[in-house]
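Colleague: Structure incoming, see below.
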Amino acid sequence: MTIGFSSRAVATACAFCVAGVLALGPAAAADPAGADPATPGGPGGPAGPQATAPRPAVLYRSGTQVRPHRGAPEVPDVSALSWLVSDARTGEVLAASNAHRKLPPASTLKTLFALTVLPVLPGEIRHRVSEEELSGVGPGSSLVGVAEGHTYRVADLWRGVFLNSGNDAVHVLAALSGGWHATAIRMQAKARSLGALDTHVRSPDGYDTPGQVSSAYDLAVFGRAGLRNADFARYCGTAEASFPGDDDWSYGIANTNRLLTGADGVEPYPGLIGIKNGYTSNAGNTLVAAARQGGRTLVVTVMNPQAGGGFEVYEEARALLDWGFAAAGRVDPVGSLDALRAPLRPRPVPGPGPEAERVPASASAAASPPAGARVSVAVAASDPPGWPEAALIAGAAALGGAAVALVLRLAGRRPSGG
């Protein structure tokens, strides 16, 4: 059975989107902090002593930000252009360097793609791939081997995304969820709803595209949110799987995250949950990694190491994870992955006003500092931008996605001409 989109289906989805905008206006005003709250007993485990976190602008500064107690371990020497260590349960940022520096994310952007599309595409759906769906895959893309005319379960395609980083699988899933450009728009809305304000989506698979950037901060936000989705957590932690080939034949695929699999001489990290690695010639090596030890889960982001070879990203992530587990409870947080989701201060007079507060010029300039800046002790500073309209956009996108899922389910109940 082939699942496609009729004009009636598209109109239905659009109607849901419009209804979502109208319905979510009051909700956005009442609760602009968005979804995905930290849940008790979640993957993060018990948190260390609570300290008053500095305001978000601290993480807009260049160089390494850390607030150590006496006797805390020193932050490791890391060559990445930006990196971040955070607690998955509390969202506290334990340390970071150039956290908001905008850089190409490569395939780590697939974390945002999964957060956006997973909820609207049930894994049991079967879909016959068309030539058109594969026509836009960029040259040199990583592929899992999706074939035109073959029928796949959506769950198989997701394994192709998470394990083999298959851009061919991303293209098919994006087509199923409303189309390439519509998916990029929904990803952008999802990023804003999570407070990930550095990310600009141009190509949902992470393929190098002018203007497409993210940051160590935003990628950690996506990784943390992904751990709260059972499907995301299962896929990103799968080391090996089978992928359907021709007829009844299948072949093995392995996760390219070597910190998970231990391939190519990289020692697997104890307690690693997984998440996503990436590489392009423009982005260099990038990685979002999560690990659990002693009841605590950390999420680490490493973007474009400047030393070592292609596997240096794993060793720098290892060093940061080691430091994070050793330093937990012995440093005060320098920020929070929830900070930019917080509502703006209430305005004294209702009515139209500025759409959002802007990053101070000094903070904006600090978002792209030179590498190798010295370590500084963080102190509180002014607030960075808010996002009063983001909940509206994300809510409408979510309802639109739900409409797509409804259309897919209805299409699966009746015969198709394909």
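Here's the yes/no breakdown for (1) within 30 Å of Pro333 (Cα to Cα); (2) crowded, with 20+ Cβ neighbours inside 10 Å:
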{"position": "Pro105", "(1), (2)": "yes, yes"}
{"position": "Gly145", "(1), (2)": "no, no"}
{"position": "Ser165", "(1), (2)": "no, yes"}
{"position": "His171", "(1), (2)": "no, yes"}
{"position": "Ser177", "(1), (2)": "no, yes"}
{"position": "His200", "(1), (2)": "yes, no"}
{"position": "Pro204", "(1), (2)": "no, yes"}
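Colleague: Here are some residues: Ala254, Ala225, Ala230. Which one is touching a helix residue (DSSP H, G or I) at 6+ places or on another chain (Cβ under 7 Å) and more than 23 Å from Val137 (Cα to Cα)? Full working, then the answer.
Modeller: On the way: Ala254 fails: more than 23 Å from Val137 (Cα to Cα); Ala230 fails: touching a helix residue (DSSP H, G or I) at 6+ places or on another chain (Cβ under 7 Å).
Answer to the check: Ala225.
Colleague: Taking the stated definitions as given, is Thr286 at pLDDT 95 or above, more than 23 Å from Pro68 (Cβ to Cβ) and among the β-branched types (Val, Ile, Thr)?
Modeller: Values: at pLDDT 95 or above: yes; more than 23 Å from Pro68 (Cβ to Cβ): yes; among the β-branched types (Val, Ile, Thr): yes.
Against the criterion (at pLDDT 95 or above, more than 23 Å from Pro68 (Cβ to Cβ) and among the β-branched types (Val, Ile, Thr)), Thr286 qualifies.
Colleague: Filter region 269-295 down to residues that are in contact with a helix residue (DSSP H, G or I) (Cβ under 6 Å, 6 or more places away or on another chain) and polar (S, T, N, Q) and give me whichever is surrounded by the most Cβ atoms within 10 Å (Cβ to Cβ).
Modeller: Thr286
Colleague: Being within 21 Å of the chain's Cα centre (by Cα), at pLDDT 95 or above and either surrounded by fewer than 22 Cβ atoms within 10 Å (Cβ to Cβ) or part of a helix (DSSP H, G or I) (or both) is the requirement here; does Leu298 meet it? Step through it out loud before you land on a result.
Modeller: Working: within 21 Å of the chain's Cα centre (by Cα): yes; at pLDDT 95 or above: yes; either surrounded by fewer than 22 Cβ atoms within 10 Å (Cβ to Cβ) or part of a helix (DSSP H, G or I) (or both): no.
So Leu298 fails the test.
Colleague: Here's a check for you: in region 301-331, which residue that is of a type in the set (A, V, I, L, M) and in a helix (DSSP H, G or I) is surrounded by the fewest Cβ atoms within 10 Å (Cβ to Cβ)? Step through it out loud before you land on a result.
Modeller: Let us first name the residues in region 301-331 that are of a type in the set (A, V, I, L, M), namely 302-303, 307, 313, 317, 319-321, 326-328, 331.
Among the residues that remain, those that are also in a helix (DSSP H, G or I) are: 313, 317, 319-321, 326-327.
Numbers: Val313: 28, Ala317: 27, Ala319: 17, Leu320: 26, Leu321: 24, Ala326: 12, Ala327: 20.
Selected residue: Ala326.
Colleague: Can you go through Asp208, Asp218 and tell me which one is surrounded by fewer than 24 Cβ atoms within 10 Å (Cβ to Cβ), out of contact with any Phe, Trp or Tyr (no Cβ under 6 Å at 6 or more places or on another chain) and either modelled with pLDDT of 95 or more or hydrophobic (A, V, I, L, M, F, W, C) (or both)? Write out each step before concluding.
Modeller: Values: Asp218 fails: surrounded by fewer than 24 Cβ atoms within 10 Å (Cβ to Cβ).
Of Asp208, Asp218, the one residue that is surrounded by fewer than 24 Cβ atoms within 10 Å (Cβ to Cβ), out of contact with any Phe, Trp or Tyr (no Cβ under 6 Å at 6 or more places or on another chain) and either modelled with pLDDT of 95 or more or hydrophobic (A, V, I, L, M, F, W, C) (or both) is Asp208.
Colleague: Next up: Examine region 332-340 for a residue that is in a loop (DSSP other than H, G, I, E, B) and modelled with pLDDT under 95, and state whether such a residue exists.
Modeller: Taking region 332-340 as the starting set, the residues that turn out to be in a loop (DSSP other than H, G, I, E, B) are 333-334, 337-338.
With modelled with pLDDT under 95 added as a condition, the list becomes none.
No, there is no match, as no residue in region 332-340 is in a loop (DSSP other than H, G, I, E, B) and modelled with pLDDT under 95.
Colleague: Restrict the check to region 247-262 and report whether at least one residue is on the phi > 0 side of the Ramachandran plot, touching a Pro at 6+ places or on another chain (Cβ under 6 Å) and not charged (D, E, K, R). Before you say what the answer is, go through the steps one by one.
Modeller: Going through region 247-262, the residues on the phi > 0 side of the Ramachandran plot turn out to be 247, 262.
Cutting the leftovers down to touching a Pro at 6+ places or on another chain (Cβ under 6 Å) gives us 262.
Now restrict to residues that are not charged (D, E, K, R): 262.
So far as region 247-262 goes, yes, one or more of its residues are on the phi > 0 side of the Ramachandran plot, touching a Pro at 6+ places or on another chain (Cβ under 6 Å) and not charged (D, E, K, R).
Colleague: Filter region 106-134 down to the residues that are over 20 Å from Asn255 (Cα atoms) and assigned to a helix (DSSP H, G or I) and list them by number.
Modeller: Here is the first cut: in region 106-134, the residues over 20 Å from Asn255 (Cα atoms) are 116-117, 119-122, 124-134.
Hits for region 106-134 are Thr116, Val117, Pro119, Val120, Glu131, Glu132, Glu133, Leu134.
Colleague: Against the conditions (1) modelled with pLDDT of 95 or more; (2) surrounded by 21 or more Cβ atoms within 10 Å (Cβ to Cβ), where does Gly252 fall short? Just the number, please.
Modeller: In the conditions (1) modelled with pLDDT of 95 or more; (2) surrounded by 21 or more Cβ atoms within 10 Å (Cβ to Cβ), Gly252 misses (2) alone.
Colleague: Let me ask something else. From the list Gly4, Gly34, Gly20, Gly25, exactly one residue is on the phi > 0 side of the Ramachandran plot, modelled with pLDDT under 50 and not hydrophobic (A, V, I, L, M, F, W, C). Which is it? Give the steps one after another, and end with the answer.
Modeller: Details: Gly4 fails: on the phi > 0 side of the Ramachandran plot; Gly20 fails: on the phi > 0 side of the Ramachandran plot; Gly25 fails: on the phi > 0 side of the Ramachandran plot.
Matching residue, one of Gly4, Gly34, Gly20, Gly25: Gly34.
The rows are residues; the columns are (1) in contact (Cβ under 8 Å) with a residue 40 or more places away in the chain; (2) farther than 21 Å from Ile275 by Cβ; (3) outside any loop (DSSP other than H, G, I, E, B); (4) touching a His at 6+ places or on another chain (Cβ under 9 Å).
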position: Gly136; (1), (2), (3), (4): yes, yes, no, yes
position: Gly149; (1), (2), (3), (4): no, yes, no, no
position: Leu157; (1), (2), (3), (4): no, no, yes, yes
position: His181; (1), (2), (3), (4): no, yes, yes, no
position: Gly195; (1), (2), (3), (4): yes, no, no, no
position: Asp198; (1), (2), (3), (4): yes, no, no, yes
position: Asp231; (1), (2), (3), (4): yes, no, yes, no
position: Arg234; (1), (2), (3), (4): no, no, yes, no
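Colleague: Shifting gears a bit: Can you name every residue in region 269-295 that is in a loop (DSSP other than H, G, I, E, B) and more than 19 Å from Pro76 (Cβ to Cβ)?
Modeller: So the first thing to find is which residues in region 269-295 are in a loop (DSSP other than H, G, I, E, B), and the list is 269-271, 281-283, 294-295.
Across region 269-295, the qualifying residues are Ser281, Asn282, Ala283, Gly294, Gly295.
The values are calculated or read from the model by the stated rules, or taken from the named source; none is laboratory data. What you see is a predicted model, and the numbers here were worked out from it, not measured in a lab. FYI the Cβ positions are ideal-geometry reconstructions off the backbone, even for glycines, and counts take in every protein chain you see.
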